[in-house]
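As structure tokens, the structure follows; a few thoughts come after it.
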Amino acid sequence: QVQLVESGGGLVQAGGSLRLSCAASGRTFGSYDMGWFRQAPGKEREFVAAIRWSGGSTYYGDSVKGRFTISRDNAKNTVYLQMNNLKPEDTAVYYCAARRTYISGSYSNIPSYDYWGQGTQVTVSS
């Protein structure tokens with residue numbers, strides 16, 4: 001089993017920045033593709049960003065493209081989400097997720113992820 005622990009959420013004004021971190025347990029972190037998802041009250045969980053095990057390929061949801069950047073440091077078993085130019089509509093609980101790299105299909109497909117963190121709250125004020 002893989003344990004994921006998120007950190008870095010908080011309150012920020014519109015136009016500001018935050019960096020989220022997700023630390024994974026175990027020594028096989030490099031065998032997993034990683035994703036970030038978010039869920040606002042009353043809405044479905046939506047795809048934010050994903051990164052291949054090697055860090056060489058990244059993917060973004062349309063609503064965050066150009067503003068958010070996903071990265072990973074396999075030596076530290078950690079994935080990051082740098083969020084710039086935040087907007088009030090970015091307010092949500094952000095979740096880190098992991099899936100084995102051999103799994104095929106869209107990175108936005110929620111059921112393809114086997115492991116999830118506890119979530120961290122991001123609130124953007126206007």
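Some observations on this one:
- Each residue in segment 84-117 was checked for being closer than 16 Å to Arg19 by Cα, of a type in the set (S, T, N, Q) and in contact with a Lys or Arg (Cβ under 6 Å, 6 or more places away or on another chain), and 2 pass.
- Test: residue in segment 86-99 that is touching a residue at least 40 places away in the same chain (Cβ under 8 Å), out of contact with any His (no Cβ under 9 Å at 6 or more places or on another chain), outside any strand (DSSP E or B) and of a type in the set (Ser, Thr, Tyr): yes
- Any hit, segment 68-82, residues being more than 17 Å from Cys22 (Cβ to Cβ) and out of contact with any helix residue (DSSP H, G or I) (no Cβ under 6 Å at 6 or more places or on another chain): no
- Condition met for Met34 (closer than 19 Å to Gly9 by Cβ, surrounded by 15 or more Cβ atoms within 10 Å (Cβ to Cβ) and in contact with a helix residue (DSSP H, G or I) (Cβ under 8 Å, 6 or more places away or on another chain)): no
- Segment 60-97, residues that are open to solvent by 40 Å² or more (accessible area, probe 1.4 Å) and at pLDDT below 95: Asp73, Asn74, Ala75, Lys76
- Flag for Tyr107 being assigned to a loop (DSSP other than H, G, I, E, B), open to solvent by less than 40 Å² (accessible area, probe 1.4 Å) and farther than 19 Å from Gln121 by Cα: yes
- Residue list for segment 103-126, restricted to those being in contact with a helix residue (DSSP H, G or I) (Cβ under 7 Å, 6 or more places away or on another chain), of a type outside the set (S, T, N, Q) and touching a residue at least 12 places away in the same chain (Cβ under 8 Å): Ile103, Val122, Val124
- Filter pass, Val2 being closer than 23 Å to Leu86 by Cβ, open to solvent by less than 40 Å² (accessible area, probe 1.4 Å) and hydrophobic (A, V, I, L, M, F, W, C): no
- Residue count, segment 3-45 (criterion: under 13 Å from the mean Cα position of the chain (by Cα) and more than 15 Å from Ala98 (Cα to Cα)): 8
The values are calculated or read from the model by the stated rules, or taken from the named source; none is laboratory data. Please read all numbers here as calculations on a predicted model, not as lab measurements. Quick reminder, even Gly has a Cβ in these numbers, built from the backbone with ideal geometry, and neighbours come from all protein chains shown. Side chains included, ligands, DNA and RNA excluded: accessible areas come from the protein's heavy atoms. Shrake-Rupley method; radii C 1.70, N 1.55, O 1.52, S 1.80 Å.
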